[in-house]
Amino acid sequence: MNIINVNKHVLGISVLLASGQIFAQVDNEMLTQQHDHSFMQPMVKHEPPSHEIPSSEHMNEHGGEIYQSSEFTSKWLSDDAGQGVWQTQLESRIGTDENKLFVQLNAEKTESENTNYDTKFMYSRAMADFWDIQAGIRYIRDAEKVEEKNQTYAAFGLNGLAPYFFDTDIYMYIGKNQQVFASLETDRDFLITQKLVLKPYLDAEVVMSDASKYAKSKGLTSLSLGLETRYEMTKNIMPYIDVSYGYEKGDKQTNWQDESSSEKKWLYGAGIQFNF
């Protein structure tokens, strides 16, 4: 009986040892697989960064989109003496946020006189938030002159939004015969209602030098202070009334013109503005 019991213990120990070896072998294989993932992970190909030209969609997202906006205004004004004048202006911008072509066409016809034209073609470059610097040419045709009806000037300007939301245009013009003069235009919108808007404005011109046949006197040569009251039927159609006070300095004596005195007068009238 003792020999049989001993044999039983020996057989049990052998089975346990064999089982332990089997489990140990299985555990080792699992650990090996856990630490070696090469058989589970696909090969990843790392390509160098692409240097392709940005797409048009990418450029549009960063201010490269080309847009166009235009404003057309036409108004009739009459002074204290009942003399009327018809004024028309087309202003257009086309380009990107940084680079634009700025075009302004003006026509003015006083009663019993021929039509005068004033045109600007300017390259406009963004130099800061809300400000563009401009350079180009200005062409003026004065049909009432006997000589030098057509004048061309080099033009330099600054266009933008001054503090307190004043839309401002400042220009310097240089032409032949020592003609150097500057202009300032500024205005601001005040909303009375969502459709009724008041716009006070100021236009001025200053002559620094002029030795032409129809020379203007140095200093402030013209000034206009006005108030437009417009009703925005839509964002594209806006009729308005205009009341302003104007000052014009007289011409100086030359071989081609007589000296004239300064004029001060009230102007009033109505017009319409189209945005497209």
Query - Residue-by-residue Karplus 3J(HN,Hα) for segment 166-174, coefficients 6.51, -1.76, 1.60, Hz, glycine and proline x - result: 8, 6, 10, 10, 10, 10, 10, 10, 10
Query raised in the report: In Å, what Rg and Dmax follow from the Cα atoms of segment 63-127?
Result: 16.0, 52
Query raised in the report: Once the piece of chain linking residue 112 and residue 268 is laid out straight, how much longer is it, given 0.36 nm per residue of separation minus the C-alpha distance between them?
Result: 54.3 nm
Query raised in the report: Which value results when the Cα radius of gyration for segment 153-276 is divided by 2.2 N^0.38 Å?
Result: 1.28
Report summary line: HN-Hα couplings for segment 93-104 via Karplus (6.51, -1.76, 1.60; θ = phi - 60°), in whole Hz with x for Gly/Pro, come out as 10, 9, x, 9, 5, 9, 10, 9, 9, 10, 10, 9
Report task. Output ³J(HN,Hα) for segment 157-165: one whole-Hz value per residue in order, computed from phi by the Karplus curve 6.51 cos²θ - 1.76 cosθ + 1.60 with θ = phi - 60°, and x for Gly and Pro. Result -> x, 9, 10, x, 10, 6, x, 6, 6
Report task. Please give every one of the lysines within straight-line cross-link reach of residue 249, meaning a C-alpha to C-alpha distance under 27 Å, and leave out same-chain neighbours fewer than 8 residues apart. Result -> 75, 109, 120, 145, 149, 176, 199, 213, 216, 218, 264, 265
Query raised in the report: How large is the accessible surface per residue of segment 154-235, computed with a 1.4 Å probe and reported in Å² as a whole number?
Result: 54
Query raised in the report: Can you give the accessible area of residue 130, probe radius 1.4 Å, in Å² rounded to 10?
Result: 150
Query raised in the report: Roughly how many Å² is the accessible area per residue of segment 102-144, as a whole number, for a 1.4 Å probe?
Result: 58
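The values are calculated or read from the model by the stated rules, or taken from the named source; none is laboratory data. Since the model is a prediction, treat every value here as computed from it, not as a measurement. These area figures cover heavy atoms from the full protein model, side chains too; ligands, DNA and RNA do not enter into them. Shrake-Rupley method; radii C 1.70, N 1.55, O 1.52, S 1.80 Å.
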